1. What ranking do 374-381, 153-160, 404-411 get when scored by the average of other Cβ atoms within 10 Å per residue, highest first?
2. Dipole of segment 223-358, Cα-centred, from +1 at each Lys and Arg C-beta and -1 at each Asp and Glu C-beta, to the nearest 20 debye?
3. Please give me the summed charge of the neighbours of Leu391: other residues whose Cβ is under 9 Å from its Cβ, Lys and Arg +1, Asp and Glu -1.
4. Kindly state, to the nearest 0.05, the FRET efficiency for Asp271 paired with Lys392, given R0 = 35 Å and r defined as their beta-carbon distance.
5. Would you compute, from DSSP H runs of 4+ residues alone, the mean residue ellipticity of the chain at 222 nm, taking -39500 (n - 2.57) per run and dividing by the full residue count, rounded to the nearest 500?
6. Treat every Asp and Glu Cβ in segment 110-218 as -1 and every Lys and Arg Cβ as +1, leave all other atoms uncharged, and give the resulting dipole magnitude about the Cα centre to the nearest 20 debye.
7. Go through (i) 4, 20, 29, 25, 14, 5, 1, 0; (ii) 4, 18, 26, 23, 14, 9, 5, 2, 0; (iii) 3, 13, 17, 18, 16, 12, 8, 6, 4, 2, 1, 1, 0, 0 and flag the label whose value is the computed P(r) over Cα pairs in 10 Å bins from 0, in percent for this structure.
8. So if R0 is 56 Å, what FRET efficiency would Ala117 and Ser455 give, r being the distance between their Cβ atoms, rounded to the nearest 0.05?
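Read-outs: derived from the displayed coordinates by stated rules, not from any lab. In this text, all values refer to a predicted model and were calculated from it rather than measured experimentally. In this analysis, Cβ positions are derived from the backbone assuming ideal geometry, glycine residues included, and neighbour counts consider all displayed protein chains.
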Amino acid sequence: MERCEAEAIYDQGREAVVAVLLRMDEQIQRLEQRVARQDERIAQLERRLNRDSRNSSAPPSSDPPGNRAKRSTDASGRKRGGQAGHEGHGRELLPLSVLDEVIEHWPERCGCGHLFAEGELRAVGEPVRHQIEELPMISTQVIEHRCPRVRCPGCGEQTRAELPAEVANSSFGPRFEAAVAALSVRNRISRCDVVELGEALFGARLCSGTVEAILQRAARALTDPYEHLAERVRASESLNMDETGWRTAGERRALWGMFTDRHALFHLAPDRHEDRAKSLLTDTKAIVTSDRWWAYAHLPTSRRQICWSHLRRDFQAHAEGLAAENEFGEAGLQLCERVFWAWEVFAHTGDRRQLKRTIRSLQRQYKPLIRSFAAKRAPNKRCRGMARNLLKAWPALWTFAAHKDVEPTNNHAERALRSAVIYRKLSLGSQSKDGELRTARLFSAHTTCRLQHRSLFAYLTDTITAHARGDPAPLLA
């Protein structure tokens with residue numbers, strides 16, 4: 001507004017001036033509200049931009065290159081690896097009884113120039129020994145099964161024997177099919193790469209369709225072991241549970257996982273809703289360790305353990321905020337460190353009574369603080385929801401202190417899911433409902449064998465052989 005315009009309004013009298021001031025005040029309020037909304041939007045966008053594996057559930061592989069944590073270096077400034085004067089640890093020599101071949105190398109001449117005659121070559125003292133491990137020439141064995149026809153002297157009709165069940169339904173033997181399945185699942189090799197490796201390493205005749213058919217037969221052989229495994233996992237006293245995204249023919253799906261210390265069960269479902277968790281858990285009485293995802297909210301708090309690693313990432317996100325949000329996050333991070341320290345002490349001492357005393361002390365100290373952030377106050381707006389959620393599930397934060405085999409984190413489930421997540425990224429998921437079932441069964445067998453320090457190749461060989469013969473399959477649990 002120019003000065004002349006202001007003077008003209010002033011000359012019109014008191015009412016004109018008041019009306020202009022009221023309009024200006026109204027306009028200022030609208031602008032202030034708009035700026036506040038824009039500030040809040042900018043803060044949300046900055047928060048989203050700063051999200052990484054430290055302050056959210058995003059995997060470390062999704063971190064931008066500039067945000068990835070640098071490896072800590074030795075404060076002494078020494079280079080990595082063995083230092084000067086380090087004795088080192090060489091490969092131990094195997095005893096002669098297990099060697100396949102011994103090759104002796106005799107010298108032809110001495111350093112002084114003397115040429116050794118044949119009779120002069122006599123060993124003195126112990127020889128210098130060096131062992132190498134080598135692969136023999138590997139090639140598939142092509143075995144032809146024949147069923148000759150014979151004429152019956154009684155009736156004159158021709159007859160022949162039937163092929164054995166274990167060879168009638170496939171052009172490949174159980175060991176070869178188990179090797180193909182292990183390469184595809186455990187080593188996450190694509191169909192085309194399995195074909196290439198099969199030809200290069202074994203001289204086998206394969207195509208992508210053949211690899212797919214072999215995986216289908218392996219999955220069918222795992223039908224009974226998979227069902228028995230599901231019953232065993234649900235019957236356990238405690239288990240870890242987690243879920244992640246999946247794709248089937250481009251559509252969104254969800255991969256669920258249930259894990260004990262020795263068993264792993266995978267299941268593909270349409271979504272990550274509560275109904276899926278209920279159908280997987282059915283009537284289990286196990287204590288379930290998980291994150292704070294709402295699909296697990298139906299579980300009684302007495303049979304639930306919330307992951308403290310997830311809580312620490314959530315508190316870290318709040319600690320990067322301002323004012324009350326920063327105070328809430330810093331307090332939460334301090335609580336997490338004290339919980340992890342108490343658990344580490346218990347891992348070394350095994351004194352559960354001391355662990356319970358420490359946890360009770362933390363509860364008395366921090367529950368009033370979290371309750372204060374759950375109150376309806378304007379500064380608590382950004383952290384109020386998490387504070388209320390923690391209070392609602394408060395007993396589920398401390399279940400690990402009172403129950404054996406329950407840990408304060410869900411790291412076991414996240415580690416068990418990692419192989420399937422990498423497979424999803426490489427293969428883009430499944431292409432059909434049958435592919436989903438095959439993926440669930442094969443990854444259940446793969447992860448269970450890994451947890452049991454068991455050979456997946458040997459297990460699949462025995463399972464495929466038993467299935468071909470119509471015998472009961474060896475179980476995973």
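1. In descending order of packing, they fall as 404-411, 374-381, 153-160.
2. Rounded to the nearest 20 debye, it is 380 debye.
3. Combined, the nearby Lys, Arg, Asp and Glu give +4.
4. 0.90
5. Dividing the helical sum by the residues of the chain leaves -15000 deg cm²/dmol.
6. Here segment 110-218 has a charge dipole of around 500 debye.
7. After the calculation, the listed value that fits is (iii).
8. 0.60
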